[in-house]
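Remarks on the structure that follows.
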Amino acid sequence: VQLQASGGGLVQAGGSLRLSCAASGRTSSTYTMGWFRQAPEKEREFVATVTWSGGGTYYADSVKGRFTISRDNLRNTVYLQMNSLKPEDTAVYYCAAKSGGNRYYTSTWEYGYWGQGTLVTVSS
């Protein structure tokens with residue numbers, strides 16, 4: 001499966017952005033999807049994940065209440081709505097996919113497919 005992330009850009013603190021991740025190839029709705037981010041000189045970190053059905057979501061504490069992950073299985077697309085953005089949210093955001101799954105997955109090694117990343121810059 002191939003993943004293409006988009007929607008990044010420059011936004012002022014307090015603003016909003018919506019990231020999209022379109023899946024193509026051997027797509028299946030039974031993929032667990034996740035968003036991760038990597039700031040300069042930092043390790044890639046978990047942001048949010050959604051179960052294959054879309055009924056279950058889980059967030060990193062740092063984004064809880066501000067970000068919302070969702071998916072549209074008919075369009076093979078997962079979204080990350082980011083509100084109340086802060087300068088510390090500045091990073092390259094990556095979407096990832098894991099075949100199957102029956103719990104929340106928050107580690108990079110648990111995901112087998114990755115998109116190319118989209119840069120989000122939040123100015124103060």
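The values are calculated or read from the model by the stated rules, or taken from the named source; none is laboratory data. Predicted model, so just to flag it, every value in this text is computed and none were measured. When we count neighbours, we look across all protein chains shown, and the Cβ atoms used for this are built from the backbone with ideal geometry, even at glycine. Just so you know, the surface numbers come from the protein's heavy atoms only, side chains and all, with ligands and any DNA or RNA stripped out. Shrake-Rupley method; radii C 1.70, N 1.55, O 1.52, S 1.80 Å.
So the values come out like this:
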| read-out | value |
| --- | --- |
| Within the stretch 12-33, tally of residues that are assigned to a strand (DSSP E or B) and touching a Lys or Arg at 6+ places or on another chain (Cβ under 7 Å) | 3 |
| Residue in the stretch 79-87 that is open to solvent by less than 60 Å² (accessible area, probe 1.4 Å), at pLDDT 95 or above and of a type in the set (Gly, Ala, Ser) present | no |
| Residue list for the stretch 34-54, filter: assigned to a strand (DSSP E or B) and aliphatic (A, V, I, L, M) | Val47, Ala48, Val50 |
| Ser24 being of a type in the set (Gly, Ala, Ser) and closer than 21 Å to Gln116 by Cα | yes |
| Test: residue in the stretch 99-122 that is of a type in the set (D, E, K, R) and within 14 Å of the chain's Cα centre (by Cα) | no |
| Test: Glu110 is without any contact (Cβ under 8 Å) to a residue 40 or more places away in the chain and farther than 27 Å from Ser123 by Cα | yes |
| Positions within the stretch 55-68 being open to solvent by less than 70 Å² (accessible area, probe 1.4 Å) and either touching a residue at least 60 places away in the same chain (Cβ under 8 Å) or assigned to a loop (DSSP other than H, G, I, E, B) (or both), in sequence order | Gly56, Ala60, Ser62, Val63, Arg66 |
| Leading residue by the ranking (nearest to Gly15 (Cα to Cα)) among those in the stretch 103-116 that are assigned to a loop (DSSP other than H, G, I, E, B) and touching a Lys or Arg at 6+ places or on another chain (Cβ under 9 Å) | Tyr105 |
| Sole exception among (1) modelled with pLDDT of 95 or more; (2) within 19 Å of Gly117 (Cα to Cα); (3) open to solvent by 30 Å² or more (accessible area, probe 1.4 Å) for Arg71, by number | (1) |
| Residue that is of a type outside the set (Val, Ile, Thr) and open to solvent by less than 20 Å² (accessible area, probe 1.4 Å), where the choices are Phe46, Phe36 | Phe36 |
| Candidate set: the stretch 1-19, residues that are touching a Cys at 6+ places or on another chain (Cβ under 9 Å) and crowded, with 17+ Cβ neighbours inside 10 Å; chosen: the one nearest to Gly56 (Cα to Cα) | Leu19 |
